[in-house]
Amino acid sequence: MLSTIGILLIAPVWLKYIFEPKRFFQDLRDPLYGSLMAPMTMSLLLMADFLAEVNVSVAAVVWYPAMTMHIFMMCYFFFHQLKNFEKCNIYPSWFLYPVGLISSTLAGPKLGFDNESALLAHICIGAYFCMLPFVLYRLCFLESLPRNSRPVLAIMAAPVNLALTAYLVNMPTPDPVLAGALAGVGIMMTLFVYLCYIDLLKEPFQPTLAALTFPSVISAVAMERLILWLGKDFPHWTWLERLGLVELTVATLLVSWVSFCYCRHYGFGK
């Protein structure tokens with residue numbers, strides 16, 4: 001049922017670009033919109049993880065093309081960004097390609113890629129920590145983000161929490177230092193994004209507000225995984241369960257609100 005809903009949601013986006021290939025490459029070259037296309041393949045990689053629980057062969061049919069397409073889109077995007085590089089074109093959404101590749105490691109072990117998934121998880125985590133100073137520098141010292149791109153600030157919470165989730169899933173015995181570093185940065189970025197919501201939700205509705213949903217959801221998922229791991233090895237940290245409940249509540253309310261605004265914006269509620 002969930003996989004069917006996922007297909008229905010992602011299919012229109014892929015069909016649009018299948019029938020307009022020129023637009024696909026044009027959008028992919030854009031420093032903002034091109035980076036926001038990464039969830040097209042990330043969603044398929046996550047869907048493959050769900051399908052692997054039901055049928056590994058079907059999951060492989062989704063996973064291999066999605067993995068190939070994600071790597072191609074990442075290389076194409078960064079090639080054109082580096083070719084015409086401008087520091088002010090760096091956005092938090094640039095994390096999505098290199099760190100989003102870690103989505104493939106969720107289904108990887110079920111397809112027989114245990115060691116490869118563990119290695120890729122470490123590479124993606126390394127990519128995050130390498131890119132983080134550049135993104136923070138751009139946000140702190142260069143011109144402010146254009147109004148239509150401000151919602152991508154919420155993405156600051158997504159990569160580290162996605163990395164933490166995948167790391168805890170792939171590692172039977174996680175390194176406490178690395179897991180603690182990811183958890184600390186993840187909680188800090190989540191709280192930062194919550195502060196951003198105060199201003200972002202005051203602005204008139206725009207479709208880019210959809211960027212607010214995934215970071216909130218993956219933050220709640222990461223906290224759940226963290227609590228499960230801490231409950232086994234570090235029970236004195238289980239008080240974080242209260243923070244997890246707060247994150248789950250915020251994610252639920254935010255997704256509901258954005259969904260309602262989308263329906264109203266496109267006329268479904270009229």
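The single residue among ALA183, ALA166, ALA210 that is over 20 Å from SER104 (Cβ atoms), modelled with pLDDT of 85 or more, in a helix (DSSP H, G or I) and assigned by TED's automatic domain parsing to the domain that holds LEU253 turns out to be ALA183.
Yes/no per residue for (1) in the same structural domain as PHE113 (by TED's automatic domain parsing); (2) part of a helix (DSSP H, G or I); (3) more than 26 Å from GLY108 (Cα to Cα):
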| position | (1), (2), (3) |
| --- | --- |
| PRO31 | yes, no, yes |
| MET47 | yes, yes, no |
| VAL58 | yes, yes, no |
| VAL62 | yes, yes, no |
| MET67 | yes, yes, no |
| GLN81 | yes, yes, yes |
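Scanning segment 98-131 for residues that are buried (at least 17 other Cβ atoms within 10 Å of the Cβ) and more than 25 Å from GLU53 (Cα to Cα) yields PRO98, ILE125, ALA127, TYR128, MET131. The residue list PHE95, PHE78 contains one member that is hydrophobic (A, V, I, L, M, F, W, C), surrounded by 12 or more Cβ atoms within 10 Å (Cβ to Cβ) and within 19 Å of ALA163 (Cα to Cα), which is PHE95.
To keep it simple, each residue is scored yes or no on (1) among the aliphatic types (A, V, I, L, M); (2) modelled with pLDDT of 90 or more; (3) within 17 Å of MET188 (Cβ to Cβ).
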residue	(1), (2), (3)
ALA222	yes, yes, yes
LEU230	yes, no, no
PRO235	no, no, no
TRP239	no, no, no
GLU247	no, yes, yes
VAL255	yes, no, no
CYS261	no, no, no
HIS265	no, no, no
PHE268	no, no, no
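Kindly indicate whether TYR128 is in contact (Cβ under 8 Å) with a residue 24 or more places away in the chain, in a helix (DSSP H, G or I), under 21 Å from TYR33 (Cα atoms) and within 19 Å of the chain's Cα centre (by Cα). In short, yes. Whenever a residue of segment 40-64 is farther than 23 Å from PRO12 by Cβ, its partners that are of a type outside the set (Lys, Arg), lying with C-beta atoms within less than 6 angstrom and at least six residues away or across chains, give the pairs ALA52/ALA59; ALA52/ALA107; ALA60/LEU111. For segment 6-22, a residue qualifies if it is of a type outside the set (A, V, I, L, M), more than 13 Å from MET37 (Cα to Cα) and either touching a Phe, Trp or Tyr at 6+ places or on another chain (Cβ under 7 Å) or surrounded by 10 or more Cβ atoms within 10 Å (Cβ to Cβ) (or both), and the qualifying residues are GLY6, GLU20. Just to verify a result, which residue in segment 3-38, among those that are among the polar types (S, T, N, Q) and in contact with a helix residue (DSSP H, G or I) (Cβ under 9 Å, 6 or more places away or on another chain), is modelled with the lowest pLDDT? The residue in question is SER3.
LEU230 falls short on exactly one of the conditions (1) loosely packed, with under 15 Cβ neighbours inside 10 Å; (2) without any contact (Cβ under 8 Å) to a residue 60 or more places away in the chain; (3) hydrophobic (A, V, I, L, M, F, W, C), and that condition is (1).
The values are calculated or read from the model by the stated rules, or taken from the named source; none is laboratory data. Just so we're clear, the structure is a prediction, and the values are computed from it rather than from any experiment. Every residue, glycine among them, receives a Cβ derived from its backbone with ideal geometry; neighbour counts consider all protein chains shown.
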